[in-house]
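Here the structure is laid out as structure tokens; the discussion comes afterwards.
Read-outs: derived from the displayed coordinates by stated rules, not from any lab. Not measured: the values here are computed from a predicted model. Neighbour counts run over all protein chains shown; Cβ positions are idealised from the backbone, glycine included.
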């Protein structure tokens, strides 16, 4: 399933790239694409485990970039 | 948070500058110097140091925080206190500016698209109730006072007014509306009070769809963006390794450790590819933002790159090169009156949204369509079966049912037949967009290929193509033929050719997806075309295609300028540091200076001059 959310707190392209790479490695994430300028993240998630995957995404993000906030997931 | 950073920078400068000036005149004791420089150093740099420590514990620590920390701590160790503080201060200034630029660009885009309504006034039991636009249901009655924005698409049920629709259609003339007129969400009610009945919910309304398009610009990343990301990932480790080599190997043979370590530290300062990494996405973002000012919604930086390279332009005819507004101009019949022909045809067309159907219905007051089952045959016309069998369509439809008709009438013709008898022909004309000829001429002059695809018959198609100056025409096409032809063109193109297709109809969706760049007319276009396309022209103006090309040229040019500029300066400073001609001041200044210039340059992408 596709989820589009707002991602706040990313000002640097490098940080966005690092986060994108890390999220793509999370199990259940089919693809993650971050457009940090537009403050948008587009996720393709495994339908069945979506809720768990989102929790994991938030955990990974908190570890890497605690200042990042998601709105909409 | 950003203001906090600015304050810290200012405080540390206040500490640093007087001290810096002083040290030229007075010899300051080393310990005193250390204490006085550590204060501004920690004030301005504590977050960098903290983040480096935190990242080391997490594993992926080779980033600018770490490198800046090492470089500055190293500088302190070898006694260059002032350099260390200066580097930290300037680095933070650079970061602050970068944040500022990103936020400014983001804000200017969202200001442009400030068509979002933030409330709706519902009329419930004769009372005004304020609700969120998202909570409005179909059929709800809404009150829109003067100066307020229409929250959802609807129909006027009371009152009259004029609306500002500039944000939606680019039209600067206000649109007068009264009882029965459609109003679109996002338009601003100028002076009268109107009551509307909602016809769509918010998520389905025009404004929501436009905002979706603009905000979901997470489409294809440009090739250059991807390249820079990969480059940055290898650049930093390479420079760090070089720094280690420079700091360790020469002094083993030549001695003079502190001098070489100093050069190594300077290397570390230059190892941050910040300017490059931020300016490239920023450029594309500003380019897309600048385009959206003209109603050109580009769904990703990658499409901007493709538009620049586009050299094969395929146009759909109806609705794209022409306005798609059809008008009945004549009715030809041997045995029936105009009204009779039209009312027979109306039985078939009554439920169709096709522009041709609408134009016929406009000429008819009432329809007696009781008991008829209506079927549409795409590319041929409509068949109504009931008391009589009525056919309304093109000459192919007549041929299919073996009804003779005159095929050589020049305008768009809709033939009407009833019970196997030919009734008459309705001549319908569709206006060519006034800018179409100039646009085609420009494209031809640039040496690009122009092609027109249409379902129209040969004579009309050739006449229109001739008038516009389009070299290649394919006519009498069924919807599936269009897809085949475009696929042929794509299969036969050379490696550098980029195929761009402009269309608007439901049947254009597959073609829009297949072509390298799909452009849809956003105003009159079907939802599926808008969804399938990569670029949406909200104001339905073909000149925007040229404008998009110019923005694409400007953006990619600026991106190249920035990349070359940044690389040249950085490599230059690296060489100078290795040879001992540069110090950390120069390195950080060059770094921040390049970043600031690159960012300012990138922000130029949002400004483009008028075409013509």
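Tabulated data
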{"read-out": "Residue order, fewest to most surrounding Cβ atoms within 10 angstrom, among B:149, A:2", "value": "A:2, B:149"}
{"read-out": "B:494, B:279, B:12, B:258 arranged by Cβ crowding within 10 Å, fewest neighbours leading", "value": "B:494, B:258, B:12, B:279"}
{"read-out": "Shielding score for B:50-57, defined as the mean number of other chain Cβ atoms within 10 Å", "value": "1"}
{"read-out": "The protein assembly as shown: translational diffusion in µm²/s, Stokes-Einstein, Kirkwood Rh over Cα pairs, 10 °C, 1.306 mPa s", "value": "54 µm²/s"}
{"read-out": "Whole-angstrom gap from region B:218-269 to region B:341-385, using each part's C-alpha centre", "value": "72 Å"}
{"read-out": "Where only C-alpha atoms are counted, convex hull volume of region B:1-156 per residue in Å³", "value": "197 Å³"}
{"read-out": "Average partner coverage of A:35-44, which counts Cβ from other chains inside 10 Å", "value": "6"}
{"read-out": "Stokes-Einstein D for region B:372-491, Kirkwood Rh over Cα pairs, 4 °C, 1.567 mPa s (µm²/s)", "value": "80 µm²/s"}
{"read-out": "Mean separation of Cα contacts under 8 Å, 6 or more apart, over the residue count of chain B: relative contact order %", "value": "14 percent"}
{"read-out": "Rule-of-thumb Rg ratio for region B:343-407 [Cα; 2.2 N^0.38 Å; N residues]", "value": "1.07"}
{"read-out": "16 Å reach of a label modelled at residue A:67, 7 Å along Cα-to-Cβ, counting backbone N of region A:3-26", "value": "A:7-19"}
{"read-out": "Theoretical FRET efficiency, 1/(1+(r/R0)^6), r = Cβ-Cβ of residue B:581 and residue B:134, R0 56 Å, to 0.05", "value": "0.35"}
{"read-out": "Between region B:25-80 and region B:473-535, the Cα center-to-center distance that results, in Å", "value": "57 Å"}
{"read-out": "Inter-chain Cβ neighbour average for residues A:6-17, partner chain, 10 Å", "value": "5"}
{"read-out": "Residue order, fewest to most beta carbons within 10 Å, for B:453, B:184, B:32", "value": "B:32, B:184, B:453"}
{"read-out": "Nearest-0.05 FRET efficiency for residue B:5 and residue A:56, computed from C-beta distance (R0 35 Å)", "value": "0.65"}
{"read-out": "Translational diffusion of region B:245-351, µm² s⁻¹ [Kirkwood Rh, Cα pairs; Stokes-Einstein; 25 °C; 0.890 mPa s]", "value": "113 µm²/s"}
{"read-out": "Approximate shape of region B:488-612 as ellipsoid semi-axes (Cα gyration tensor, √5λ), whole Å, largest first", "value": "44, 17, 11"}
{"read-out": "Region A:30-73: mean projected area of Cα convex hull, nm²", "value": "3.2 nm²"}
{"read-out": "Over chain B, equivalent-ellipsoid semi-axes from the Cα gyration tensor in Å", "value": "65, 30, 17"}
{"read-out": "Packing-based order for B:122-132, B:509-519, using average beta carbon neighbours within 10 Å, highest first", "value": "B:509-519, B:122-132"}
{"read-out": "Region B:232-294: proportion of alpha-carbon pairs further apart than 15 angstrom, %", "value": "62 percent"}
